[in-house]
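The values are calculated or read from the model by the stated rules, or taken from the named source; none is laboratory data. Quick caveat, the model's predicted, so the values are computed rather than measured. Ideal geometry is used to build each Cβ from the backbone, glycine not excepted, and the neighbour counts take in all protein chains shown. Side chains are part of the model used for accessible areas, which takes the heavy atoms of the whole protein and leaves out ligands, DNA and RNA. Shrake-Rupley method; radii C 1.70, N 1.55, O 1.52, S 1.80 Å.
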Amino acid sequence: SRDERAQEELISEIATVESGAEINFIDKYVTLIYPERTCLLDYLGEKSTVLLRGTSATYDRIKASEWHLQQLVEELLEGGTIAPKYTDYAKPASHFDLFLADSVVVHLDSLGQGMSGKKMGGLFTFRTKHMVSYCENLELLCEDLESYHRGGYRVILTAESKAAAKNLYELLTARGLRSVLASDEISELAALPKQTALIQWKETIRGYEMTTPRIAVLSTAPEQRDGLLTASGKLKHKKKKRKGTETILSYNDLEVGDYVVHEIHGIGQYMGIENLTIDGVSRDYINIRYAGSDRLFLPVEKLDMVSRYIGAHSDDGLVKLSRFGGGEWGRAKARAKAAVKDIAKDLIRLYAERSRRPGFAFSADDDLQADFEAAFEYEETEGQLAAIEDIKEDMMKPTPMDRLLCGDVGFGKTEVAMRAAYKAVLDGKQVAILVPTTLLALQHYQTLSRRMRAFSVNVDMISRFRTPKQQALSLRRLKRGDTDIIVGTHRLISKDIEFKDLGLLVVDEEQRFGVSQKEKLKQMAGNIDVLTLTATPIPRTLNMAMGGIRDISV
């Protein structure tokens with residue numbers, strides 16, 4: 001009976017407590033001891049100041065937390081472990097809104113995500129540029145430091161430790177560059193003499209540049225915080241002993257709380273590595289939590305049976321854990337395999353058709369293309385120049401381009417794509433730029449508008465930020481050929497979208513689109529050139545690139 005099942009679970013948890021192990025969701029007993037609900041906000045005074053870094057992400061976490069709590073409560077009630085009157089564990093999310101309404105709130109967000117409907121006391125915009133660490137290139141650091149001093153910038157240099165800061169001070173002094181170590185007397189930029197860098201080590205942050213107030217923060221600490229700058233400017237690595245568990249975690253890039261998939265038992269939550277003694281033998285086991293109170297202890301040597309979960313809701317925490325036993329996980333795998341086969345057939349047919357059809361061969365570069373590229377305000381990297389050359393060669397061939405442009409965030413993929421787009425526009429072709437979110441669409445639209453304004457290129461955007469009337473006007477302009485470049489979300493894949501002469505499709509952050517979504521636009525538009533941008537290519541895309549079906553530039 002249900003009572004017997006509950007009794008067995010309670011006896012099991014008493015044994016768990018006596019053994020010193022951790023109980024799954026120990027909060028289920030808190031209402032038996034403390035009748036009143038208390039949360040973190042209750043410890044803060046009235047009229048508090050709250051700093052929210054990522055408002056939308058904060059609410060997503062609250063939503064995910066409420067969802068998981070509801071799932072746990074349902075499992076407890078179903079098993080009869082806790083009576084319904086003892087399942088009121090947490091205050092609702094509205095309590096957080098009431099707390100913010102009575103507090104001073106500072107929102108730190110990129111763009112205005114999650115700000116709709118909020119009355120703002122002020123909006124302050126900071127234009128910044130990320131900088132890479134100078135830990136392995138002292139000569140470049142000295143050159144850039146001189147350049148910043150000539151431009152009137154105030155500069156802070158960050159080191160990993162006090163010893164590294166002193167070492168950096170000596171290196172700069174030997175090269176005739178003025179600097180000062182942070183102290184109680186000089187710890188702020190306002191107290192610095194002119195053309196003198198402030199070296200601090202108390203807080204290591206990544207480098208960035210603020211263009212309007214002319215402030216630059218340059219980091220000399222390694223990106224992974226695993227070394228120091230030596231007198232020769234080389235990176236000296238620290239020797240660090242690792243435990244066996246750390247080696248496994250670093251190899252799989254897993255953290256406690258991550259969702260994983262066992263090939264037999266399905267989706268679970270990784271809870272760390274535990275050392276257990278069974279039949280007198282002590283071994284390390286991977287602890288994976290499943291629905292209810294089920295746990296799987298998997299020997300570490302069978303780690304190859306577990307992989308990271310990257311499916312639906314992997315980024316917002318709304319993942320439903322699998323249950324032990326039954327055929328639910330087997331049926332889910334069977335459905336997925338059938339869907340993959342259908343998509344694979346469509347893909348093979350699509351790429352075969354694209355390879356047979358003749359594409360449009362774009363013209364070679366002319367003076368207008370050269371003027372556009374010369375207007376770029378920064379110096380191109382070698383990787384950018386190589387990628388631009390690859391894309392131009394593809395576009396000038398009579399066969400359709402299908403190139404993957406892979407590069408980390410902030411390394412200039414957008415500029416490469418804009419040059420390809422301008423090349424297409426010069427030959428009278430239209431360009432579609434497909435992005436996963438409305439905020440990214442707005443950001444690209446603003447960037448393209450600024451970059452293309454001086455070159456008589458008409459840029460438009462279609463997304464939910466636009467009213468139905470504005471969208472209808474955009475569609476008419478697109479069909480007439482008045483629009484040269486259009487930026488949009490999934491709305492670009494709709495049946496009512498008609499181009500006059502589409503020549504280039506740019507897909508940004510392709511890993512956030514479904515396979516069928518990405519291929520649908522290719523089918524609608526015919527034999528066009530396709531450029532895909534990504535910082536984190538998905539395995540399928542990489543496999544196609546390595547197999548020669550698609551070209552790749554890094």
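The condition (being farther than 30 Å from Ser65 by Cβ, surrounded by 11 or more Cβ atoms within 10 Å (Cβ to Cβ) and modelled with pLDDT under 85) is satisfied by just one residue among Thr81, Thr128, Thr87, Thr158: Thr128. Take the conditions (1) touching a strand residue (DSSP E or B) at 6+ places or on another chain (Cβ under 6 Å); (2) without any contact (Cβ under 8 Å) to a residue 60 or more places away in the chain; Gln195 misses just one of them, which is (1). Residues in region 260-273 that are loosely packed, with under 15 Cβ neighbours inside 10 Å and either small (Gly, Ala, Ser) or assigned to a strand (DSSP E or B) (or both): none. Could you please let me know if Asp342 is loosely packed, with under 14 Cβ neighbours inside 10 Å, at pLDDT below 75 and within 31 Å of the chain's Cα centre (by Cα)? Spelling it out, it is not the case that Asp342 is loosely packed, with under 14 Cβ neighbours inside 10 Å, at pLDDT below 75 and within 31 Å of the chain's Cα centre (by Cα). Flag: Thr81 matches the condition of being under 22 Å from Met271 (Cβ atoms) and part of a loop (DSSP other than H, G, I, E, B). Put simply, of Leu51, Leu138, Leu72, Leu108 the only residue that is among the aliphatic types (A, V, I, L, M), open to solvent by 80 Å² or more (accessible area, probe 1.4 Å) and touching a helix residue (DSSP H, G or I) at 6+ places or on another chain (Cβ under 9 Å) is Leu108.
The residues of region 449-464 include none that are among the small types (Gly, Ala, Ser), under 24 Å from Asp496 (Cβ atoms) and open to solvent by 40 Å² or more (accessible area, probe 1.4 Å). Looking across region 6-24, just one residue is open to solvent by 100 Å² or more (accessible area, probe 1.4 Å) and in contact with a helix residue (DSSP H, G or I) (Cβ under 9 Å, 6 or more places away or on another chain), and that is Glu22.
Name the single residue, out of those in region 161-194 being at pLDDT 80 or above, part of a helix (DSSP H, G or I) and out of contact with any Leu (no Cβ under 8 Å at 6 or more places or on another chain), that is surrounded by the fewest Cβ atoms within 10 Å (Cβ to Cβ). Here the residue is Ala174. Each residue in region 1-41 was checked for being over 20 Å from Tyr290 (Cβ atoms), within 39 Å of the chain's Cα centre (by Cα) and touching a residue at least 60 places away in the same chain (Cβ under 8 Å), and 0 of them qualify. With the structure loaded, tell me whether Leu40 is modelled with pLDDT of 80 or more, over 30 Å from Arg5 (Cβ atoms), open to solvent by 60 Å² or more (accessible area, probe 1.4 Å) and in contact with a strand residue (DSSP E or B) (Cβ under 9 Å, 6 or more places away or on another chain) or whether it fails that test. Considered against the rule, which asks whether it is modelled with pLDDT of 80 or more, over 30 Å from Arg5 (Cβ atoms), open to solvent by 60 Å² or more (accessible area, probe 1.4 Å) and in contact with a strand residue (DSSP E or B) (Cβ under 9 Å, 6 or more places away or on another chain), Leu40 comes out as no. Of a type outside the set (Gly, Ala, Ser), open to solvent by 70 Å² or more (accessible area, probe 1.4 Å) and closer than 29 Å to Glu377 by Cα: does that describe Gln446? So Gln446 passes the test. Of all the numbered requirements in (1) open to solvent by 70 Å² or more (accessible area, probe 1.4 Å); (2) small (Gly, Ala, Ser); (3) within 25 Å of Ala291 (Cβ to Cβ), Ala101 misses one, and that requirement is (3).
The residues on offer are Gly280, Gly292, and the sole one that is small (Gly, Ala, Ser), closer than 17 Å to Ser19 by Cβ and either surrounded by 16 or more Cβ atoms within 10 Å (Cβ to Cβ) or at pLDDT below 80 (or both) is Gly280. Among the residues of region 465-487, those identified as of a type outside the set (A, V, I, L, M, F, W, C), modelled with pLDDT of 90 or more and either surrounded by fewer than 19 Cβ atoms within 10 Å (Cβ to Cβ) or within 26 Å of Met395 (Cα to Cα) (or both) are Arg476, Arg477, Lys479, Arg480, Gly481, Asp482, Thr483, Asp484.
What about Asp27, is it open to solvent by less than 90 Å² (accessible area, probe 1.4 Å) and farther than 30 Å from Leu276 by Cα? Spelling it out, it is not the case that Asp27 is open to solvent by less than 90 Å² (accessible area, probe 1.4 Å) and farther than 30 Å from Leu276 by Cα. Do we have any residue at all in region 213-230 that's at pLDDT below 85, over 31 Å from the mean Cα position of the chain (by Cα) and under 17 Å from Cys135 (Cβ atoms)? For region 213-230, residues at pLDDT below 85, over 31 Å from the mean Cα position of the chain (by Cα) and under 17 Å from Cys135 (Cβ atoms): present. Listed conditions (1) closer than 27 Å to Lys397 by Cβ; (2) in contact with a helix residue (DSSP H, G or I) (Cβ under 9 Å, 6 or more places away or on another chain); (3) at pLDDT below 80 are all met by Asp508, apart from (3).
Can you run down the residue pairs with Cβ atoms below 8 Å, 6 or more apart or on separate chains, where the first is in region 420-432 and open to solvent by less than 10 Å² (accessible area, probe 1.4 Å) and the partner is among the β-branched types (Val, Ile, Thr) and in a helix (DSSP H, G or I)? Filtered contacts from region 420-432: Ala420/Ile388; Ala420/Ile391; Val431/Val425.
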